[in-house]
Amino acid sequence: MKKNEQTTPVIQLKGLSKTFGRGDAQHTALNAVNLKVEKGEFIAIMGPSGCGKTTLFNSLGLLDASTDGEYLLDGTNVESLSERQQAKVR
C-alpha cells in the first residue's frame, strides 16, 4: 500500500456515548469516545474498574446500542444493519 493511499478502518467510533438511567439516576458509561482501528492493528483497552471498558466491548460486539455517536464497522454504520445482520457479525 502506498503512503498516501486511504483505507477504510475496520472499526471507527465517532463520539460514541452510552448513558444508563434517567434524571438524577443517570450515569454516563461512555462519553464521546473516538477510536479508529485499522486493518492489521492490535490494540489494548485498559482502565480502572467502572471506567466503561465492558460497556465499550458490548457496543463493539453489537450486544448493546449506544445512546449517541456513530459506530462504523468496515465503513458501514452498524445502526443500518438488521438484527439478523448484526447477529451474523457477532
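Is the range 31-48 home to any residue that is in contact with a strand residue (DSSP E or B) (Cβ under 7 Å, 6 or more places away or on another chain) and of a type in the set (Asp, Glu)?
For the range 31-48, residues in contact with a strand residue (DSSP E or B) (Cβ under 7 Å, 6 or more places away or on another chain) and of a type in the set (Asp, Glu): absent.
Looking only at residues that are more than 9 Å from the chain's Cα centre (by Cα) and among the β-branched types (Val, Ile, Thr) in the range 26-54, which one is nearest to residue 14 (Cα to Cα)?
Across the range 26-54, the extreme among qualifying residues is 37.
For the structure I just gave you, tell me whether residue 11 is in contact with a Leu (Cβ under 7 Å, 6 or more places away or on another chain) and exposed (fewer than 13 other Cβ atoms within 10 Å of the Cβ).
No: the conditions fail for residue 11.
Those residues that are part of a helix (DSSP H, G or I), open to solvent by less than 100 Å² (accessible area, probe 1.4 Å) and without any contact (Cβ under 8 Å) to a residue 12 or more places away in the chain, I need them from the range 67-86; list them, please.
Residues satisfying the conditions are 80, 85.
Within the range 4-20, identify whether any single residue is part of a loop (DSSP other than H, G, I, E, B), within 12 Å of the chain's Cα centre (by Cα) and at pLDDT 95 or above, and answer yes or no.
yes
Given the conditions (1) touching a Gly at 6+ places or on another chain (Cβ under 7 Å); (2) loosely packed, with under 14 Cβ neighbours inside 10 Å, report the number of the one that residue 29 does not fulfil.
Residue 29 satisfies every listed condition except (2).
The values are calculated or read from the model by the stated rules, or taken from the named source; none is laboratory data. Please read all numbers here as calculations on a predicted model, not as lab measurements. Backbone-built Cβ (ideal geometry, glycine too); neighbour counts: all protein chains shown. Calculation scope for accessible area: heavy atoms of the full protein, side chains included, ligands and nucleic acids excluded. Shrake-Rupley method; radii C 1.70, N 1.55, O 1.52, S 1.80 Å.
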